[in-house]
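The values are calculated or read from the model by the stated rules, or taken from the named source; none is laboratory data. Since the structure is predicted, the reported quantities are computational estimates derived from the model, not experimental observations. When we count neighbours, we look across all protein chains shown, and the Cβ atoms used for this are built from the backbone with ideal geometry, even at glycine.
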Amino acid sequence: MQEVASPYATIGEGRLSRIHTLNDLYLTTIGEHPGPRAFLHKIGGRYEPVSREEFGGVGTEIALGLVALGLERGERVALLSENRLEWPETDMGILTAALVSVPIYPTVTRRSVEHILEDSGARAVFVSTPEQIEKVRGYRDANPGFLVIAFEGGGDGILSLDEVRERGRALHHAEPDLHGQRAGNVESGDLATIIYTSGTTGPPKGVMLTHHNIVSNVEATLATISIGEDDTVLSFLPLSHILERMAGLYTIFRGGACIAYAESVETVAENMIEVRPTVMISVPRLYEKMYARVFEKAMSGGAVKRGLFLWAARVGAERAALRLARKPVPWFLEARYGLAARLVFSKLKARTGGRLRFFVSGGAPLAKGISDFFYSAGLMILEGYGLTESSPVLSCNTPEDFRPGTVGKPIPGVDIRIAEDGEILARGPNIMKGYYGNPEATAEVLQGGWLHTGDIGRLDEDGFLVITDRKKDILVTAGGKNVAPQPIENALKTDRFIVEAVVIGDGRPYLTALIVPDFDALAAYAVIKGLPSGSPEELARDPKIRDLLLRRVGRHQEDASSFETIKKIAVLDRDLSLEAGEVTPTMKVKRKVVVEKYASIIDDMYGS
């Protein structure tokens, strides 16, 4: 059984040593980093700054407004909103009022929202827009006394955020010490939040995280990756996701850096140029799309442009291999790389705003080929690993200790063990208290002080963690061969014509795959080759397009064993979607749902 503790120094009397709760983190940081740019948000088409003092003042008003509404210590308050400034302001208000926050993804259905409100026993919910109000209106009507507070709008028994803040201001004027007393009455072991898992393998479960769970993860992150007042992060991953909340909010805020909120997922490319971030945190889908677009643009150009791009990619890869092996780079290779950087890679960097120090990737595995390419282009993607149940980070690469294809070494305070069956086990101060109201599920994953992650992996010779697959996703073919689908799928998604791939083969005689193509790339290819170029539906039905994609799949499997080789594919005419229940809010494929939904198409590939 492999086991490794964090290689980093034990955290001693550092800058967080006196911070025991998220309330301490918020209030202490406001005093220590009083700069004018804690946040940036769009108003009237322009990014406007918000200072920590302004932010703290709003948080205090919300906290006392909730107290004035009669909410008692430890009661649950839900937060249903897209990323916007009101999200962290409300989060601070809920926490410093000694309440428990229950974040909800803004993209989930009304039924899912009602389940979370009912299961958590929430007394109130903050909602962002009229669209989100409609998701909770029925629950409010069926539960007298349940409070709905809207960032936009109000009336008809729904409070506006301004009304809550006004109540808070009045209470603060009457009892100026009350906020400090309420916030200071929270202890490190108290419950801070209940976060409902995305449910890839079953119904969502409420993960209970204490103040200490999350603060310890912030502390460990700042001990391994430097964040300071000169940094700016562009935030677009949902704050209801623990990675964005812990790293993109609490860690960045505590480091004294600035947080800028993207207007939407669709405007991230534009907002990067406006904000010029130094750090960005995302799930792999962003990097997959960037990678595909770069290659598509290069390959659709003339022969000279294609040749220049491929030459630059080779030069970058050769230099990157030497640097990662900590070997000297010959002067002539460095000179060629300088030319490649000016002619090719500088354009990619410019699209990020030109100041990026590093990307962070988490939430799902990132294909090594994508990480390699970005690194060779001078843009480092620091891939990490964790779960909601671990607050979330268990391991991560750092700028100083970096190995593409791995998720880094354990962070300070965390121990990693590989069980006999390959499952990754973890323990540390960041491991959850348990699942809310579900002792059976808690006992299943927390055994002997170790969190059973459900992921399969290994530790390499230098202690870097490599993720192989999800334990429940392993396919067992009719011939008894075990196949890990994720590495195959990740390799396929590096292809410029493939957006998503789902490998099929459990109980089947051979592997097949459902392929979601990049329809823009296919349309351009069809024009070049003189093929009919139509709608996604028409392209998906075209036998020549299917043959092209099957050949592309074969290129990525040249070294695969026969039982790991995809024999047939089916081309889907649309991307997998959250609305259809096929992916989670963090874009993880719900394999069971997809297999059931496309059963007839899958059966056709097997002739049954």
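Checked against (1) within 22 Å of P203 (Cβ to Cβ); (2) surrounded by 17 or more Cβ atoms within 10 Å (Cβ to Cβ); (3) small (G, A, S), G457 meets all criteria but (1).
Scanning segment 345-358 for residues that are farther than 14 Å from Y291 by Cβ and of a type in the set (A, V, I, L, M, F, W, C) yields A350, L356, F358.
Among the conditions (1) modelled with pLDDT of 95 or more; (2) part of a loop (DSSP other than H, G, I, E, B), the only one that L451 does not satisfy is (2). Of all residues assigned to segment 546-564, none qualifies as being assigned to a loop (DSSP other than H, G, I, E, B), crowded, with 16+ Cβ neighbours inside 10 Å, out of contact with any helix residue (DSSP H, G or I) (no Cβ under 8 Å at 6 or more places or on another chain) and assigned by TED's automatic domain parsing to the domain that holds D495. Please determine, by comparing only the residues of segment 475-495 that are in a loop (DSSP other than H, G, I, E, B) and either in contact (Cβ under 8 Å) with a residue 24 or more places away in the chain or not assigned by TED's automatic domain parsing to the domain that holds H556 (or both), which one is nearest to D415 (Cα to Cα). The selected residue is A484. Might you let me know whether segment 275-293 holds any residue that is farther than 30 Å from L85 by Cα and surrounded by fewer than 19 Cβ atoms within 10 Å (Cβ to Cβ)? Looking through segment 275-293, at least one residue is farther than 30 Å from L85 by Cα and surrounded by fewer than 19 Cβ atoms within 10 Å (Cβ to Cβ).
Output the residues belonging to segment 465-499 that are crowded, with 18+ Cβ neighbours inside 10 Å and of a type in the set (S, T, Y). Matches in segment 465-499: T494 only. Looking across segment 22-40, not a single residue is under 16 Å from G180 (Cβ atoms) and not in a helix (DSSP H, G or I). A Cβ distance below 6 Å, combined with a sequence gap of six or more or placement on separate chains, defines the contacts here; from segment 65-76, residues that are among the basic types (K, R) reach residues that are part of a helix (DSSP H, G or I) in the pairs R76/S120.
Of all helices (runs of 4 or more DSSP H) completely enclosed by segment 178-281, which ones contain at least 3 residues that are under 25 Å from E75 (Cβ atoms)?
178-184, 211-224
Based on this model, can you work out whether I370 counts as touching a Gly at 6+ places or on another chain (Cβ under 8 Å), in a helix (DSSP H, G or I) and not hydroxyl-bearing (S, T, Y)? When the stated conditions are applied, I370 does not pass them. Of the residues I19, I62, the single one that is surrounded by 20 or more Cβ atoms within 10 Å (Cβ to Cβ), at pLDDT below 95 and under 26 Å from D177 (Cβ atoms) is I19.
Using the structure shown, decide if K568 is more than 23 Å from E288 (Cβ to Cβ), of a type in the set (K, R), modelled with pLDDT of 85 or more and part of a helix (DSSP H, G or I).
Working: more than 23 Å from E288 (Cβ to Cβ): yes; of a type in the set (K, R): yes; modelled with pLDDT of 85 or more: yes; part of a helix (DSSP H, G or I): no.
In short, no.
Residues of segment 149-168 that are under 18 Å from Q132 (Cα atoms) and either of a type in the set (K, R) or touching an Asp or Glu at 6+ places or on another chain (Cβ under 6 Å) (or both): F151 alone.
Only a single criterion out of (1) within 22 Å of P404 (Cα to Cα); (2) out of contact with any helix residue (DSSP H, G or I) (no Cβ under 6 Å at 6 or more places or on another chain) is not satisfied by R541, namely (1). Cβ separations smaller than 6 Å between residues 6+ apart or across chains give the following pairs from segment 318-331 residues that are assigned to a loop (DSSP other than H, G, I, E, B) to residues that are not hydroxyl-bearing (S, T, Y): V329/R319; V329/L322. For K349, the criteria (1) assigned to a helix (DSSP H, G or I); (2) of a type outside the set (D, E); (3) over 25 Å from M272 (Cβ atoms) hold in every case but one, which is (3).
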